[in-house]
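The values are calculated or read from the model by the stated rules, or taken from the named source; none is laboratory data. Every value quoted in this text rests on a predicted model; they were computed, and no experiment measured them. Neighbour counts are summed over all protein chains in view; Cβ atoms, including those assigned to glycine, are modelled from backbone coordinates with ideal geometry.
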Amino acid sequence: MCFSSNSCNKISVIFHNLKFDFTIFEVQNKKMKYFLLLLILFPICMQGQTDFEKAETLFQQQKFVLAKPLFEKFLTQNANHLKAIEYLGDINGSFKNWDKSIFYYKKLKDLKPDQANYSYKYGGALGMKAKESNKFVALSLVGDMKSAFEKAILLNPKHIEARWALIELYLILPGIVGGSEKKANHYAEELSKISPVDGYLAKGKIAEHFNRYKEAEKQYSFAFKIGKSATSYQKLVDLYNNKLRQPEKALLLKKEYEKQS
C-alpha cells in the first residue's frame, strides 16, 4: 500500500534497482560458472588430444619451441607422417637451423616426389643456407637449388614462387658460375603469362638490378596500374626515393595510393 504517489515511485525505483542488481549478480555468477567449467574442461580436452594435435595447435599459435619436441616425439612412432615432417622443416627454418630444415624437406620430397611445394621448400632451405655460408659452400649448393626449383615448376607449371626464386638466383650468381640475365628474363616472361603483375614486377627487378632505372620505373608502373598492390607501390616509391632521386614523384604516388586504399 502506497501513502503517496511519490512514495510509490520511490519504492518502485528501489525494487527496480534491486532487481537490476540481482540480474547483474546472476549474469556474473553465470560467467563465473562458465569460466570454472572451461578451467576444468581445458586440461581434459588437451589430454584427449594426440601429440600431433597438441603440437599443431602450438604451431598455429607460433609457439614453436613447445611444438618442436611434440612433433619429434610423434615422428618416433610415425616416421613418414608428411605433415609432421613439414612442420619440423618449417620450425627449424624459423630457427635458422638450415641443415635440419634441409633434412626434413629432403625427406618430404623423397617420400612424395610428385609434390611441387616440397621441392620448392627444399630449394628454399638450400638457398637460405647458401646465403649464410661462405662462397665455397654456397657454390656447392647451387646445382641442387636449381634442380629443386625447376622440379617444382615441372610438377606445377603455374608455380609462381619457384620462378621468383630462379630469377633471384640467376641475378645473384656471377656469370662464371651460371648467373644469367637471359635466364632471369625467361622466367619473368613465364610469370607474365601466369600473373601479369608478377611479370611486370620481375621485369622491373631485373632492370633495377642492372641499373636501368627508367626501365624499372616503367615496369613497376605497369604493375601498380594493374593491381594497385602494396608491393608494386613500395617498389615504385623506393625507386623514386633511392635510385631516381625524385621524391616529388614518390609523394604524388603516395597520394594516389592512399586515395584508392
Can you spot a residue in segment 170-180 that is without any contact (Cβ under 8 Å) to a residue 40 or more places away in the chain, under 22 Å from residue 117 (Cβ atoms) and aliphatic (A, V, I, L, M)? no
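Every residue, every condition in (1) exposed (fewer than 14 other Cβ atoms within 10 Å of the Cβ); (2) within 22 Å of residue 160 (Cβ to Cβ); (3) of a type in the set (A, V, I, L, M), yes or no:
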| position | (1), (2), (3) |
| --- | --- |
| 206 | no, yes, yes |
| 213 | no, no, no |
| 222 | no, yes, no |
| 226 | no, yes, yes |
| 231 | no, yes, no |
| 237 | no, no, yes |
| 248 | yes, no, no |
| 259 | yes, no, no |
So which pairs qualify, if the first residue must be in segment 248-261 and farther than 9 Å from residue 233 by Cα, the second must be modelled with pLDDT of 90 or more and assigned to a helix (DSSP H, G or I), the Cβ gap must be under 6 Å, and the two must be at least 6 apart or on different chains? 249/240; 250/237; 250/240; 250/241
Within segment 60-82, restricting to residues that are in contact (Cβ under 8 Å) with a residue 12 or more places away in the chain and under 24 Å from residue 129 (Cα atoms), the one that is surrounded by the most Cβ atoms within 10 Å (Cβ to Cβ) is 71
